[in-house]
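The values are calculated or read from the model by the stated rules, or taken from the named source; none is laboratory data. Here the structure is a predicted model, which means the values were calculated and not measured. Reconstructed Cβ throughout: ideal geometry from the backbone, glycine too, with neighbour counts over all protein chains shown. Ligands, DNA and RNA are stripped out before the accessible areas are found, and what is left, the full protein with its side chains, is counted by its heavy atoms. Shrake-Rupley method; radii C 1.70, N 1.55, O 1.52, S 1.80 Å.
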Amino acid sequence: MDKPQLNQGEDYERGFIDGMQYQRRSSVDKRVVAEEREACAKIVEEHAKVYAKLEKNPATSAAWAACIDIHDSISERGEQA
């Protein structure tokens, strides 16, 4: 997102409006990112709770570890995109 130029003269009003729109988009983008981080933190907490329960059983522990590896690889691919 390019920051608009705020020129004086006849383009001033257009520049002012563009600047306000840029500021609003920036604020919304920051809030969306914060909400996504909160959602990810909740998911990680839930995974930790489930893993703690499954860790007690050796048969499910290996399966759960494989699921975590798959989830991590998918997450890494999503972050790289």
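With a cap of 12 neighbouring Cβ atoms within 10 Å, and only residues DSSP puts in a loop, list the GluC sites (Glu not before Pro) found in the range 19-81. Don't jump to the answer; show the numbers that get you there.
Details: sites: E35, E36, E38, E45, E46, E55, E76, E79; in loops: E55.
Sites meeting the loop and neighbour criteria: E55.
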Enumerate the calculated ³J(HN,Hα) couplings along the range 35-42 in order (Karplus 6.51 cos²θ - 1.76 cosθ + 1.60, θ = phi - 60°), each rounded to whole Hz, writing x wherever the residue is Gly or Pro. 5, 5, 5, 4, 5, 5, 4, 5
Please report, as a whole percent, how much of the solvent-accessible surface of the range 14-59 comes from carbon and sulfur atoms (probe radius 1.4 Å). 58 percent
From the backbone phi of the range 44-55, what are the Karplus-calculated ³J(HN,Hα) couplings (6.51 cos²θ - 1.76 cosθ + 1.60, θ = phi - 60°) in whole Hz, Gly and Pro given as x? 4, 4, 5, 4, 5, 5, 5, 4, 4, 5, 6, 4
